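The values are calculated or read from the model by the stated rules, or taken from the named source; none is laboratory data. Every value quoted in this text rests on a predicted model; they were computed, and no experiment measured them. Quick reminder, even Gly has a Cβ in these numbers, built from the backbone with ideal geometry, and neighbours come from all protein chains shown. For accessibility, only protein heavy atoms count, side chains too; no ligands or nucleic acids. Shrake-Rupley method; radii C 1.70, N 1.55, O 1.52, S 1.80 Å.
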Amino acid sequence: MIEEKAIEEKAMAPARESPARVLVVEDEPDIAALVAYQLAREAMRVETVTDGRAALAAADRESPDLIVLDLMLPGLSGYDVLAELRRRPETRGIPVIVLTAKREEEDRVRGLELGADDYVTKPFSPRELLLRVRAVLRRVRQPAVEAGARILRAGSLIVDVDAHAVTANGESVDLTPTEYRLLVMLLERRGRAQSRKQLLAGAWDMDSEVADRLKTRTVDMHVRRLRAKLGPEGDAIETVRGFGYRFRAPEAQE
Ligand code: CA
């Protein structure tokens, strides 16, 4: 009972007034300093560590709002850190943006598969990183689901989850049950890339073993139809090459 209460209070704690706390894990001092400077300018509270062990300790101790994690670290790699963060119940929910040094798709996909929320490829502009950080924080701090009403919104797109009703640009949109589940899944995890396999398992309501056997092409086909039915709002469903799909993170003024 006491535990439950604590969890509830933590979940309901007002986050918007307090500065976002970001943990930056990067062993290259120049890059770490640049990232820290950019984020601090945005009134974020930044802590910098230079290796994986320190990162895990700081994540446990500080429970930051976001972790920016370089994948190329000495000793414990960024992949190991990410896997460990996702394994521990205390740190599982902390959003992570990975910095990948290589342009290789493989690194990016592996990071996302391990549960990263987004990635930035080096070399990156400070502005690019800042946009990603803002997007992830916005999503975490302002959940898409409005309290009580179960309404999901994105631009002119409105999904009334209880009524199973979808409107875009004021017009009602007629979706198949699968298209509807796909849309809700993508919207609920807005700004976060979903693999084809995850979408198959979720939207087709089957366990992942069966989903494995279903061709992931099926997902592509349904997403294509869903995009077409949503009209201009359908553009918000972005393709994450070699991985899956993502519903674009909200803009600041939305
Ligand atoms: Ca590095």
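The residues of segment 24-79 that are closer than 15 Å to Leu99 by Cβ, assigned to a helix (DSSP H, G or I) and touching a Gly at 6+ places or on another chain (Cβ under 8 Å), listed by number, are Gly52, Gly78, Tyr79. Is segment 51-61 home to any residue that is within 16 Å of the ligand (Cβ to nearest atom) and open to solvent by 70 Å² or more (accessible area, probe 1.4 Å)? There is at least one residue in segment 51-61 that is within 16 Å of the ligand (Cβ to nearest atom) and open to solvent by 70 Å² or more (accessible area, probe 1.4 Å). Of everything in segment 28-50 that's within 16 Å of the ligand (Cβ to nearest atom) and of a type in the set (S, T, N, Q), which residue is nearest to the chain's Cα centre (by Cα)? That would be Thr48. All conditions in (1) at pLDDT 90 or above; (2) within 18 Å of the chain's Cα centre (by Cα) hold for Ala168, with the sole exception of (2).
Return a yes/no flag: does segment 81-104 have any residue that is assigned to a strand (DSSP E or B), open to solvent by less than 20 Å² (accessible area, probe 1.4 Å) and within 18 Å of Arg21 (Cβ to Cβ). Within segment 81-104, one or more residues are assigned to a strand (DSSP E or B), open to solvent by less than 20 Å² (accessible area, probe 1.4 Å) and within 18 Å of Arg21 (Cβ to Cβ).
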